[in-house]
2 protein chains.
Amino acid sequence: MSVCVLAGGVGAARLLAGVIRAVDASSVTAIVNVGDDDELHGLRISPDLDTITYTLAGAIDTDRGWGLSDESWQAMETLRRYSTGAGRPDIGWFNLGDRDLGTHLWRTTRLNEDAPLSRVTAEITAAWNLGLTLLPATDDRLATVLMTPSGDALSFQEYFVRDQHEVEVTEVLVGGAAEARPAPGVLDAIGDAGVVIIAPSNPIVSIGPVLAVPGIRDAVAARRDRCVAVSPIVGGKALKGPADRLLRELGHESSAVGVARIYAELASVLVIDEVDAALADEVEETGMRCVVMPTVMTGPEVAEALARGCLAAVGA
Amino acid sequence: MSVCVLAGGVGAARLLAGVIRAVDASSVTAIVNVGDDDELHGLRISPDLDTITYTLAGAIDTDRGWGLSDESWQAMETLRRYSTGAGRPDIGWFNLGDRDLGTHLWRTTRLNEDAPLSRVTAEITAAWNLGLTLLPATDDRLATVLMTPSGDALSFQEYFVRDQHEVEVTEVLVGGAAEARPAPGVLDAIGDAGVVIIAPSNPIVSIGPVLAVPGIRDAVAARRDRCVAVSPIVGGKALKGPADRLLRELGHESSAVGVARIYAELASVLVIDEVDAALADEVEETGMRCVVMPTVMTGPEVAEALARGCLAAVGA
């Protein structure tokens, strides 16, 4: 039974760890957000692809929540010698660990050789012996842009890492989306899947850019009866990151109901956490069926149970 | 008394360490080869500039002879996970240490901001508290190319690092030289110097690309009476690197006499090592005056004595 997961970073990585405990990894495809991708110091970074890869490889730094374990920071220390000396705090705010840099060096080298990101991603996941398939939503360049009240346009990494998402956002744009094409295999993975799962990732800045690639939203909507979403909002709050604040700022409700309204046309089921059980009826008013179960993935067993719950919810 | 040094990497770095013991560092300008510069994995590397910077900062790894001390290699380890997995030994042969990577990240970031290499170099040397001025020969992109009998065109790093200079070379070209302009300050540093020194660097692939920048050779020739060269060939051999072999392959004599014939129009004095004392008459037949003294810089005292010998040789 093949499973296709629309994925952002941390929440999706944890759910995927559960999915590959529930079904054979070779039947799992994740379609991953690349709107957070950026170029830093000439190197191409793909934060969500790397977070999923490192998590599933058991190589993620679990304390930090991102990057590799046993990491060192010698390159950054040298870089900051220069940026501090030159009075340039605008350079060097993005932490690149030494181990992690090797991934960016490889990706950049291969992209400079005109290899598509999907192929480079396959090389990277193969090197970590991942059994599932990770596909970038597109091989084309996307750039999530966050507009502030003063009219500043922030890249995702400026917003998320540099400014620690402590700025007001008035609009989220996805640069490049209009011209982007789904990466090879993306539409087939959605169309052929026994179950499509929308991971508990940020609906605006993680799942949004995936759906913004022309063709992907329609492909998911066509599978609505086999598509289940997991709410990333639990008790009105995001477990991690700014999803709750972003939802409010952009006119949505920061609740499982707000998430339901966003996904109602795409998924027939919304899985919400037990703490939100009282919202089930309101969720179902959106036209989705509501499944209540533990969604806070504190360990692989919870993640596996959540994955199995998602599969069962659409009768798989 | 101002001193201007035409410089390659290791030999020049050692001589410069002696020069700044002999005269005030603020009066010293090195004009450095950038024909070895390359782009690797999206990062711009400038090996000779970095070798000089790290040497004068006391931060060079003296055992290895290049790169920074207390270095780690985590980024390369990750990179080679991918290149090995993908069967691509052609990627990852160039060692980039983690500490060293910070320099390349800074340089790449600043060049991507359209800062000229000369300005970036000044930022880097300031951060290491170097007292002298390092100038790239040009802010334009040079690329030393080594032709082999089979018609392969090797970049300098392919020739020097990947192939360990164990290939025959039929010709050395300097790509970009025809259009290159001397970096700001280069011609003035040569014209205003009390003494111009051609460091004991490889005449073909280190000093050659410096002189290939239009204007520099003429500027040095105009100062011939105040210009002194140090032979990098001692007892017929290069102390380090392939200078001896390259000289022979390109039709020169691998000896202090061969070096004299290359520099006779540019410098009025050639300093040769004591082991080559018997060649002094033959050197002087080229029209240069010959000074015989220890040139093997086993430590800073020898380097200082050599520097003082160079200054004295042209009456400074």
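General observations
- Filtered residue count, the range A:87-102, keeping only those that are at the interface with chain B (Cβ under 7 Å from one of its Cβ atoms) and within 13 Å of B:Gly102 (Cβ to Cβ): 3
- Criterion: outside any helix (DSSP H, G or I), at pLDDT 95 or above, open to solvent by less than 60 Å² (accessible area, probe 1.4 Å) and more than 30 Å from A:Leu142 (Cα to Cα) - qualifying residue of A:Val291, A:Val228: A:Val291
- In the range B:141-157, of all residues being open to solvent by 20 Å² or more (accessible area, probe 1.4 Å) and under 17 Å from the mean Cα position of the chain (by Cα), the one that is farthest from B:Trp93 (Cα to Cα) corresponds to B:Arg141.
- Qualifying positions in the range B:116-126 - open to solvent by 20 Å² or more (accessible area, probe 1.4 Å) and more than 21 Å from B:Val3 (Cβ to Cβ): B:Pro116, B:Arg119, B:Glu123
- Selection status of A:Val259, open to solvent by 10 Å² or more (accessible area, probe 1.4 Å) and in contact (Cβ under 8 Å) with a residue 40 or more places away in the chain: no
- Complete set of residues in the range A:118-137 that are in contact with a strand residue (DSSP E or B) (Cβ under 6 Å, 6 or more places away or on another chain) and more than 14 Å from chain B (Cβ to nearest Cβ): A:Ser118, A:Leu132, A:Thr133, A:Leu134, A:Leu135, A:Pro136, A:Ala137
- Filtering the range B:146-187 to residues that are without any contact (Cβ under 8 Å) to a residue 24 or more places away in the chain, within 19 Å of B:Val34 (Cα to Cα) and acidic (Asp, Glu) leaves only B:Glu158.
- Flag if B:Arg88 is under 28 Å from the mean Cα position of the chain (by Cα), open to solvent by 10 Å² or more (accessible area, probe 1.4 Å) and among the basic types (Lys, Arg): no
- Taking the criterion of being without any contact (Cβ under 8 Å) to a residue 40 or more places away in the chain and assigned to a helix (DSSP H, G or I), the residues of the range A:190-218 that qualify are A:Gly191, A:Asp218.
- Test: residue in the range B:163-170 that is open to solvent by 50 Å² or more (accessible area, probe 1.4 Å) and assigned to a helix (DSSP H, G or I): no
- Count of the range B:234-256 residues, restricted to those that are crowded, with 20+ Cβ neighbours inside 10 Å and of a type in the set (S, T, N, Q), is 1.
- Pick from the range B:51-83, criterion in a helix (DSSP H, G or I) and away from chain A (no Cβ under 12 Å), ranking: surrounded by the most Cβ atoms within 10 Å (Cβ to Cβ): B:Ile52
- Taken over the range B:94-121, the criterion of being under 22 Å from the mean Cα position of the chain (by Cα) and in a loop (DSSP other than H, G, I, E, B) is satisfied by B:Phe94, B:Asn95, B:Leu96, B:Gly97, B:Pro116.
- Test for B:Leu132: is it open to solvent by less than 20 Å² (accessible area, probe 1.4 Å), in contact with a Pro (Cβ under 6 Å, 6 or more places away or on another chain) and at pLDDT 95 or above: no
The values are calculated or read from the model by the stated rules, or taken from the named source; none is laboratory data. Quick caveat: nothing in here was measured; it's all calculated off a predicted structure. Every residue, glycine as well, gets a Cβ built from its backbone with ideal geometry; the counts of neighbours run over all protein chains shown. Surface accessibility is based on the protein's heavy atoms, side chains included, excluding ligands, DNA and RNA. Shrake-Rupley method; radii C 1.70, N 1.55, O 1.52, S 1.80 Å.
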